[in-house]
Amino acid sequence: MTFARKAAALLAAVAMPAVPALAQDTSAPVSKTVPDGAPRLVVAIAIDQFSSDIFAQYRQRFTGGLARLTQGAVFPSGYQSHAATETCPGHSTILTGNRPAHTGIIANYWIDQSVTVGRTKVYCAEDVSKRVAGSGDYVASVGSLLVPTLGDWMKRANPEALNIAVSGKDRAALMMGGHDIDQVYWWKGDKFVTLAGREIGPKAAAQNAEIASTLAKGAAAYPLPAWCARADRAVRAGDVTVGTGHFAMKAGDAEAFRVSPRLDRATLDLAVKLVDEEKLGKDAVPDVLAVSLSVTDFVGHATGTEGAEMCIQLTQLDLALGDFFASLDKRGIDYAVVLTADHGGFDIPERLDEQALEQADRVKKSVSDKALSDVLGKRFGLAADGLILADGASGDYWVRKDVAPGLKGKIVDDAKAVLEANPQVEAVLTAAEIAATPMPTRSPEVWTMAERARASYNPLHSGDFVVFLKRGIVPIATPGPGYIATHGSPWDYDRRVPILFWRKGMTGFEQPSAVETVDIAPSLAALIGLKIPEGSFDGRCLDLDGGPGNTCGAAK
């Protein structure tokens, strides 16, 4: 029984209600018969910061789109197996079938000391060659992605294939869409935008007009489901109090729109409009629609994962996905869905401490690149300013480029010793140690720290050494509005994500053993009968029949 291929027309989006209803099953009745042949449309959905832990916690509460997907092929222990569990690396694995070591996307940001214009910190989705001196903005680009996406492969096989991507973040849309995208949109400021040099299409313009109308009026708070009451309590994190937000929005407050369920619904509504505009799934050539939903991540960062805010967000996300799938159903499109996440997440230590995780804490400033620069600068008689460079208190660190090669090795060794003596640090691995580690081949849940780091290491972008904090240490020293919790660790609360496949009439099953997000692209390629050169993927094909058949046969 085969599974995925082109298709889909969606529904003209309806205006968002001022007070959204609680989640309910809005899906149209779905046939139990599997259509002949492969589906016409592949719909790849990423929910930013949707960990396996969150999926398990809320699974029994889903009644809409997420409930539907649990009737398909369920892999509750999917892995973003690498150590750099951030948005850009995670999204780069989903439709390329490759780990960050091969995608080149080792983090959201990295240091490139050869940059001649502006800061040396490089954003994963920017075109550095188009920087303008003195500008704080950037030109979005997929140029740093070193491998093709599924959409790229499909268009190489047949230029008539359509490749569409939409998200609340540019890096998510670009890393899933790839180099050859027919239409791509992401949220910026108070509207959806696209790549420089491209015009906003009529359907995207219509979506922006609907959003502008909602922003002009404002919106009431979302209702709190009764079962969310236990989470609806105030918790203090530094100068910020969270846990009781219900997403009321004042007129004109685009930031409140962004960090609320409204943006995910608008993203899905735009996806529906693009299906109609491009007539996705209306011919014999497979199409792909990539949708990344960003609000779970925005809420997780701003309020943590265990408050009323996350409870409301996941309830409304389930409802919005139900409406999205129902719109595809009404159009009679034969579509296949995969849903996963770019990484997991971790709650705020202030709440975790109340929940018996006493080791949860915020990172001390002694782990910072500045503190390390001060210590090593004095030790080696060098200017301390920028001696060690990093983007945060964990992950990749770089030694300043003007340090002599022989001295650089000594500085790296001493930095390793200093950090390993810090009680908050789990491990420090040098670039040489990581590069000497073979690429892991065994099941990801048993990988060593060195293997997790190896899956993230690319010599073009990676640092001189990598720092891993202990489990439960949040790499935010001082919480502030909008940023009190995060992810990015090598621990399984950030690595484990669900992977769900669904198609009308398919035989559902659940496989609890570990798989990887890099298995998604080869699985979808096999399901649509797309031949990819051997060795193009780090992942493997997953059989989605749930029976004696073998959907991976097309890949052999």
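Each value in this text was obtained by applying a stated rule to the coordinates, not by laboratory testing. Since we're looking at a predicted model, the values are computed, not measured. Here the Cβ positions follow ideal geometry from the backbone for every residue, glycine too, while neighbour counts run over all protein chains shown.
Tabulated values for the structure
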| item | result |
| --- | --- |
| Value of Rg/Rh across the range 227-346 [Cα atoms, Kirkwood radius] | 1.05 |
| Computed [θ] at 222 nm, helices only, for the chain once each DSSP H run of length n ≥ 4 contributes -39500 (n - 2.57) | -8500 deg cm²/dmol |
| Rh by Kirkwood over Cα pairs, then Stokes-Einstein D for the range 70-115 at 0.890 mPa s and 25 °C, µm²/s | 204 |
| Anchor Lys504: lysines whose Cα lies under 21 Å away (excluding residues fewer than 8 positions away in-chain) | Lys6, Lys32, Lys279, Lys282, Lys330 |
| Relative packing of 286-297, 248-259, which averages over residues the other C-beta atoms within 10 Å, highest first | 286-297, 248-259 |
| Long-range tail of P(r) for the range 290-388 (Cα pairs > 24 Å, %) | 54 |
| Lysines whose Cα lies under 17 Å from that of Lys121, excluding same-chain neighbours fewer than 8 positions away | Lys130, Lys370, Lys401 |
| Beta bridges per DSSP with both ends in the range 96-222, % antiparallel, nearest 5 | 65 |
| Equivalent ellipsoid semi-axes - Cα gyration tensor, the range 326-442, angstrom | 40, 22, 15 |
| Kyte-Doolittle mean at least 0.0, axial Cα span of 24 Å or more - DSSP H helices of the chain | 308-330 |
| Rg over Rh, two decimals, the range 153-299 (C-alpha only, Kirkwood Rh) | 1.06 |
| Neighbourhood net charge (10 Å Cβ-Cβ; Lys/Arg +1, Asp/Glu -1) for Thr551 | -2 |
| Listed peptides 109-117, 164-172, 299-307, 448-456 by packing density, highest first (mean Cβ within 10 Å) | 164-172, 299-307, 448-456, 109-117 |
| Partner lysines for Lys250 [C-alpha distance under 17 Å; skip if fewer than 8 residues away on the same chain] | Lys191, Lys217 |
| Cα-only Debye scattering, the range 444-494: base-10 log of I(q)/I(0) at q = 0.25, 0.26, 0.30, 0.31 Å⁻¹ | -1.06, -1.09, -1.22, -1.26 |
| DSSP bridge pairs, the chain: antiparallel proportion in percent, nearest 5 | 55 |
| Directionally averaged projected area (convex hull, Cα atoms, the chain), nm² | 24.2 |
